[in-house]
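The next block holds one structure in the form of structure tokens; read it before the comments.
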Amino acid sequence: MDVTGDTPAPAAMRNEYAADLGLTEADLAVDWHTQFDRWFADAVAFGLSEPNAMVVGTADSAGRPSGRTVLLKGYDPQGFVFFTNHLSRKGVEASTNPYASLVFPWFPMQRQVVVAGRVAHVDRATSEAYFASRPRGSQLGAWASPQSQVVSGRAALEQRYQEAAERFADQAEIPTPSHWGGLRVQPESVEFWQGRAGRLHDRLRFRRLDEGGWIVERLAP
């Protein structure tokens, strides 16, 4: 498809990756969690805007996929945690088809991390503790927004926000909505992707075995 004006056609857009970067099996940490910790620290030190931004992919009961960008709010050997409205599209899909993928697109560093695994709800105490740490405006937004549902317009959304602000005006602490909380993606695979020259990228994947334990596999680019 032709692109008008000074914008180049997508097919003409190409950046060559650095020849001196790479990822070998010897470079990897002993487990995916330690390796992610290293790369996440690198992303923060690099100065990326929102290094904890990740694309979350879910699918409904019929297998129709959807994706969106959210912010990672915690990770440990048990998985990656983010918070959401459980009645949103991703929340409903995560309940009816409890599997998800995550992509950390650290393109300025010529890196990506790709995660796939099962989704589980975070315990209520953890969700409430995180909700309490949020700015008041974000807390009100969680009460006001019927996330993923059709609304009549911006004015209707702002009206709901104002109603929430009035509802909790006399409360120093806003309670956590019953429909809001954390989701944890429990990895079954974690792939570390490093761009290489000639599109011969390095892709090393930690994959959990059915019988327990993990193996490292190299994937063709």
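The table for this structure:
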{"quantity": "Gain on full stretching of the segment that runs from Asp27 to Ala172 - 0.36 nm per residue minus C-alpha separation", "calculated": "47.2 nm"}
{"quantity": "Pair Ala165, Ser66: separation of 7 Å Cα→Cβ label points (nm)", "calculated": "2.8"}
{"quantity": "Label point distance in nm, Ser95-Ala220, each placed 7 Å from Cα along Cα→Cβ", "calculated": "4.3"}
{"quantity": "GNM result for the chain, Cα springs below 10 Å: residue of Arg111, Arg160, Arg207 fluctuating most strongly", "calculated": "Arg160"}
{"quantity": "Global form of the stretch 1-157, assessed from the alpha-carbon gyration tensor, a/c cut-off 1.5", "calculated": "oblate"}
{"quantity": "Among Ser127, Ser95, Ser49, residue whose mean-square fluctuation peaks in a GNM of the chain (springs only between Cα atoms under 10 Å)", "calculated": "Ser49"}
{"quantity": "Accessible area per residue, Å², the stretch 33-129 with all protein chains present, probe 1.4 Å", "calculated": "47"}
{"quantity": "Cβ-derived FRET efficiency at R0 41 Å, Ala9 paired with Glu211, nearest 0.05", "calculated": "0.25"}
{"quantity": "Solvent-accessible surface ranking, highest first, for Phe46, Phe206 at 1.4 angstrom", "calculated": "Phe46, Phe206"}
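The values are calculated or read from the model by the stated rules, or taken from the named source; none is laboratory data. All values reported here derive from a predicted model rather than from experimental measurement. Cβ sites come from the backbone with ideal geometry, for glycine too, and all protein chains shown count toward neighbours. The accessibility values were calculated without ligands, DNA or RNA, using every heavy atom of the protein model including side chains. Shrake-Rupley method; radii C 1.70, N 1.55, O 1.52, S 1.80 Å.
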